[in-house]
Amino acid sequence: MADMKKVVEALHELPMEIKKRNTEDIAGGDYVGPNAFSPLYEALGLYGLCSSQAMHNFCSQLDASPNQRQIVEAYGLSIHDLAVNIGQKMAESLDLVVADFEDWLFEFKFNKYNFTPEAIGSTGVPIHTDSGFLTILKDDENVGGLEVIKSSGSFVSIPPFPGTFLVNLGDIARVWSNGRFCNLTHRVQCKEGSKRLSIATLMLAPKNRNVEAPAE
């Protein structure tokens, strides 16, 4: 995982004109630069995590080295298998027979928060829920900022926990489970003046079929 973080950091250090090459035909896979809505946040995106063509395009756009590509591919395959396993366990907990999560769509987000001492107290990413099924987050192991909202409306800070992944469920998981699973409302706040990196793997939805909720 340390190698993957080094790759993400190196890609974000590329000149802006190279990062802007990170484009996709499908919304969500493009480079997102700082803007009025999230001035401290930027992200590189890869839509179609398990597609060799998508991986080739992503690495070519950013002039990634063969070693960087190998690291991203290996991480992607491992995290894909983990997400599929989690999905199957979720289905089993509801006594559902799900033929396959293998064909679901996946997306990478390589997130960078340009936090500075002057930005402490500011918002990195505003309050939201993820629109997909589940997200596996490899959070920054040194710089905190992730907060989740409780049913009471108060926020709880999620401190860095080295060597772990954080899994949160999105809107589709709530629909798919008839509300038995909850989508997590969260945000990122600037709490210290250091750049913050995270790697989000989003398991979105089935590629060629609709999501159907189980019977009550």
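The values are calculated or read from the model by the stated rules, or taken from the named source; none is laboratory data. Quantities reported herein were computed from a predicted structural model and do not represent experimental measurements. Every residue, glycine among them, receives a Cβ derived from its backbone with ideal geometry; neighbour counts consider all protein chains shown.
Kindly establish whether residue 88 is surrounded by 12 or more Cβ atoms within 10 Å (Cβ to Cβ) and closer than 25 Å to residue 177 by Cα. Considered against the rule, which asks whether it is surrounded by 12 or more Cβ atoms within 10 Å (Cβ to Cβ) and closer than 25 Å to residue 177 by Cα, residue 88 comes out as yes. Considered as a group, the residues in the range 1-22 that are modelled with pLDDT of 95 or more and of a type in the set (A, V, I, L, M, F, W, C) include one that is nearest to residue 166 (Cα to Cα), and that residue is 4. Residues that are under 16 Å from residue 200 (Cα atoms) and touching a residue at least 24 places away in the same chain (Cβ under 8 Å) do occur in the range 113-120.
Here residue 59 fulfils each of the conditions (1) surrounded by fewer than 19 Cβ atoms within 10 Å (Cβ to Cβ); (2) in contact with a Lys or Arg (Cβ under 9 Å, 6 or more places away or on another chain); (3) free of Cβ contacts under 8 Å to residues at least 24 places away in the same chain apart from (1). Counting the residues of the range 5-44 that are more than 14 Å from the chain's Cα centre (by Cα), in a helix (DSSP H, G or I), among the hydrophobic types (A, V, I, L, M, F, W, C) and buried (at least 18 other Cβ atoms within 10 Å of the Cβ) gives 2.
Give 95, 103 a once-over and let me know the one that is among the acidic types (Asp, Glu) and over 24 Å from residue 51 (Cα atoms). If you could, list the steps in order and put the result at the bottom.
Details: 103 fails: over 24 Å from residue 51 (Cα atoms).
Of the residues listed, the single one that is among the acidic types (Asp, Glu) and over 24 Å from residue 51 (Cα atoms) is 95.
Identify the residue in the range 104-145 that is among the charged types (D, E, K, R) and surrounded by 12 or more Cβ atoms within 10 Å (Cβ to Cβ) and, among all such residues, is nearest to residue 177 (Cα to Cα). Among those that are among the charged types (D, E, K, R) and surrounded by 12 or more Cβ atoms within 10 Å (Cβ to Cβ), it is 130. Kindly indicate whether any position in the range 160-177 is among the charged types (D, E, K, R) and within 18 Å of residue 91 (Cβ to Cβ). Scanning the range 160-177 turns up at least one residue that is among the charged types (D, E, K, R) and within 18 Å of residue 91 (Cβ to Cβ). For residue 161, the requirement of being assigned to a loop (DSSP other than H, G, I, E, B), loosely packed, with under 14 Cβ neighbours inside 10 Å and among the aromatic types (Phe, Trp, Tyr) is met.
Residues in the range 120-158 that are assigned to a loop (DSSP other than H, G, I, E, B) and of a type outside the set (Gly, Ala, Ser): 120, 129, 130, 133, 139, 140, 141, 142, 143, 150, 158. Examine the range 180-189 for a residue that is surrounded by 14 or more Cβ atoms within 10 Å (Cβ to Cβ), more than 29 Å from residue 84 (Cβ to Cβ) and at pLDDT 95 or above, and state whether such a residue exists. Looking through the range 180-189, at least one residue is surrounded by 14 or more Cβ atoms within 10 Å (Cβ to Cβ), more than 29 Å from residue 84 (Cβ to Cβ) and at pLDDT 95 or above. For residue 67, the conditions (1) touching a helix residue (DSSP H, G or I) at 6+ places or on another chain (Cβ under 9 Å); (2) in a helix (DSSP H, G or I); (3) over 25 Å from residue 19 (Cα atoms); (4) not aromatic (Phe, Trp, Tyr) are fulfilled apart from (3). Cβ separations smaller than 7 Å between residues 6+ apart or across chains give the following pairs from the range 129-151 residues that are at positive phi to residues that are among the polar types (S, T, N, Q): 145/189.
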